[in-house]
Structures are given as structure tokens and as C-alpha cells.
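Q: Take a look at the following structure, please.
The values are calculated or read from the model by the stated rules, or taken from the named source; none is laboratory data. None of these values were measured; they are calculated from a predicted model. So basically every Cβ, Gly included, is an ideal-geometry build from the backbone, and we count neighbours across all protein chains shown. Protein only, heavy atoms only, side chains kept; ligands, DNA and RNA dropped before computing areas. Shrake-Rupley method; radii C 1.70, N 1.55, O 1.52, S 1.80 Å.
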Amino acid sequence: MAVDMRLPTVKNSMSLSVSAAGRKDLVVPGDVITSDTGFMRGHGTYVDEDKLTASVAGEVQRVDKLICVRPLKTRFNGEVGDVVVGRITEVQQKRWKVETNSRLDSVLLLSSVNLPGGELRRRSAEDELTMREYLHEGDLISAEVQSVFSDGALSLHTRSLKYGKLGQGVLVQLSPSLIKRQKTHFHNLPCGASIILGNNGFVWLYPTPRQQEEEAGGFYTSLEPVSLSDREVISRLRNCLLALAAHKVLLYDTSVLYCYESSLQHQVKDILKPDVMEEIVMLTQQKLLEQES
């Protein structure tokens, strides 16, 4: 029987610049945020004896006189412009239903997608009959939030050529609160793989395409065999994402790349072992602190 053993090592003590215990912007239910009556009550708060109190555990956010608490762990609450990765769950009349990790299924209208070939024309009855040829149940897509309905459901669009149907790759489902908001959520990493960090917590890893197919209007999916080296890189990135998420580290291109570089001294299958995971994440945090300073 094979036994996996590791000798104890001396860990470098890492001094974090901000202590989590001393942060005033993190609250738990029942914590008094402020006793000043001049503030307005936002989401995640209630008034108790003229004191604004938190009703959820999370981060306090102030916008002028409005105070709200953003939960640390919650379903995805989409905003206009958010990049999402979702899965088609149902084909309906002139629309697709998409699972995007939110409270309600999102909607992708037939009029909100590019036609194959990039044609610009009104959608006809023939287009409606061939909807399953574009996208069918189980397909993964990348899209952008176009608007939010009154009941909280999201309306998506894939009109840009960078959005559309996803091909071969790996989907990692994480908490939406761990995804850092950035100008772009599409990254080609120097290690040979690309990543889509969806604001909804769905992360898509795939081999970097050598040529961009723009004629298909977002419906082209490459079915060429993926090389063993690319599969190893994607598997390592997937385990790095799970390690960072387990230690509640914000996910963006720099943190993922630093974690990947820190994990190169270990085999892919060993990254998710608790002691190895802790070591890799600590090295990643040290690199992030050095970059900030």
C-alpha cells in the first residue's frame, strides 16, 4: 500500500498589512453599523432603536448617504454590463432560458444574438424554427447582462464577437463574491490557456485559440483534439482556482497567474492536498502583497 508522507517544513511568517479582525467594514448580523440618523437604509440592513443594524454577514458599502451590506456568500445579483458564463436550460419561443447562478433563470432573446455569418436583419420565422441549431439545451455560453427585469431576472445579449457559444474547456463553479470586478474578464494567460472570469462565479478555462473564427458570429466551436500539455495546464489552473476559493482569495488574472507559478513545484494531483494548498496560497498572497507595496 502506497503511503504519501511529507516532512515538516519551516513556514515563513507572512505579515498581512490589514488585520481581518480589525476591519470596520466587515459585519455580522446584529452589528450596529451607525447610530447616526442621517443615513438611508439599504439592502442588508434594518433600523433597531434608531440604530442602523446589519441583517446579513458581509461588507459595508457606503454611497453618499446610502448604507448597504454586500453579503459574502450569496446568489448572483447581476448588474448591467456584467460578464456571465451560463448554461442553456430551455429553448422557448424566441428566447432561451439560461442558468447563471442567480435566483431566477436568465433570458437570452433571439433578437439579442448574432446570426451565423454576422448578418444584420430582422429575425424571421425561419430563424425561430432553427433556434436549436444555434444553441440547444446543455450548451455553455458567455454573454453580457443587457438589462434587469422588475422581478430580478437578467436579460442577456451576445452581440459582440467575443461572446457566444463555448467550445472545449473546463467549467469551475465558485462563489460570485470571490470574482473581482475588472474592465475585462477575458484573459489570455502566458501559460498557454485562456480564462473567462464570469461575474456570476462561473469560470471557464480553455486552450488559447490559435486563430479567431469571426465568420461564425459566435457559434463556432473548435472540436480539434486538445494536446496533453494544454490539458495539464488547464487542470493545474482548475486546481489553483479551487485552492484560492477555499482560502477566500479574490480571483483575477494576477492572483490566478501567481498561484499557477507557485504550484509548478508540485504535481497537479497534489495541489488540493490541505498542506500543499495552504503553502501555495500563502506564496500567492506574499507575491500579491509585494506587488501592491
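Q: Among Ala245, Ala54, Ala125, which one shows the biggest mean-square fluctuation in a GNM of the chain, springs joining Cα atoms closer than 10 Å?
A: Highest fluctuation among the options: Ala125.
Q: Considering only protein heavy atoms and a 1.4 Å probe, what is the carbon-and-sulfur percentage of the accessible area of segment 169-210?
A: The computed percentage sits at 50.
Q: Under the rule of at least 5 residues apart or a separate chain, name every residue whose amide H is placed under 5 Å from the amide H of His43.
A: Distant-sequence amide H within range of His43: Val69.
Q: For segment 72-178, what is the charge dipole size about the Cα centre, in debye to the nearest 20, if Lys and Arg each add +1 at the Cβ and Asp and Glu each add -1 at the Cβ? Show your work: numbers first, answer last.
A: Details: 14 positive and 14 negative charges, 29 e Å.
Dipole of segment 72-178, to the nearest 20 debye: 140 debye.
Q: How large is ³J(HN,Hα), in whole Hz, for each residue of segment 231-236 in order, when computed from phi with the Karplus curve 6.51 cos²θ - 1.76 cosθ + 1.60 and θ = phi - 60°, using x for Gly and Pro?
A: Per-residue couplings from phi come out as 5, 5, 4, 5, 5, 5 Hz.
Q: Between Ser124 and Gln267, with labels modelled 7 Å along Cα→Cβ, what's the label distance in nm to one decimal, could you check?
A: So the label points at Ser124 and Gln267 sit 5.9 nm apart.
Q: With 30 Å as the limit, write out which pairs from Lys162/Lys273; Lys183/Lys269; Lys183/Lys273; Lys51/Lys287; Lys97/Lys162 have Cα-Cα distances beyond it, or answer none.
A: Result: Lys162/Lys273; Lys183/Lys269; Lys183/Lys273; Lys51/Lys287 exceed 30 Å.
Q: Using label points projected 7 Å from each Cα along Cα→Cβ, tell me how many nm separate Val91 and Lys162, to one decimal.
A: Distance between label points: 2.9 nm.
Q: Shifting gears a bit: Taking amide H positions as placed in the peptide plane 1.01 Å from N, state which residues far from Arg95 in sequence (5 or more) or on other chains have amide H under 5 Å from it.
A: Residues meeting the criterion, in which the H sits 1.01 Å from N, are Leu110.
Q: Compute the length gained on full extension between Ser235 and Lys51: take 0.36 nm times their separation in residues and subtract their Cα-Cα distance, giving the result in nm to one decimal. Show your work: numbers first, answer last.
A: Values: separation 184, 0.36 × 184 = 66.24 nm, distance 4.94 nm.
Fully extending the segment from Ser235 to Lys51 adds 61.3 nm.
Q: Next question. Taking H as built 1.01 Å from N, whose amide H comes closer than 5 Å to the amide H of Ser102, not counting residues under 5 places away?
A: Amide H neighbours of Ser102: Phe76.
Q: Just to check I understand the Karplus step: with θ = phi - 60° and J = 6.51 cos²θ - 1.76 cosθ + 1.60, what whole-Hz values come out for segment 157-162, glycine and proline as x?
A: 8, 10, 6, 7, 6, 7
Q: Quick one: what are the phi-derived ³J(HN,Hα) couplings along segment 95-100, Karplus 6.51/-1.76/1.60 with θ = phi - 60°, whole Hz, x for glycine and proline?
A: 7, 10, 9, 10, 7, 10
Q: So, one more: Between Leu223 and Ser150, what is the label-to-label distance in nm when each label sits 7 Å out along the Cα-to-Cβ direction?
A: It works out to 4.5 nm between the two label points.
Q: Determine which aspartates and glutamates satisfy two conditions relative to Lys65: a Cα distance under 20 Å, and not lying fewer than 8 residues away in the same chain.
A: Asp25, Asp31, Asp36, Asp48, Glu49, Asp50
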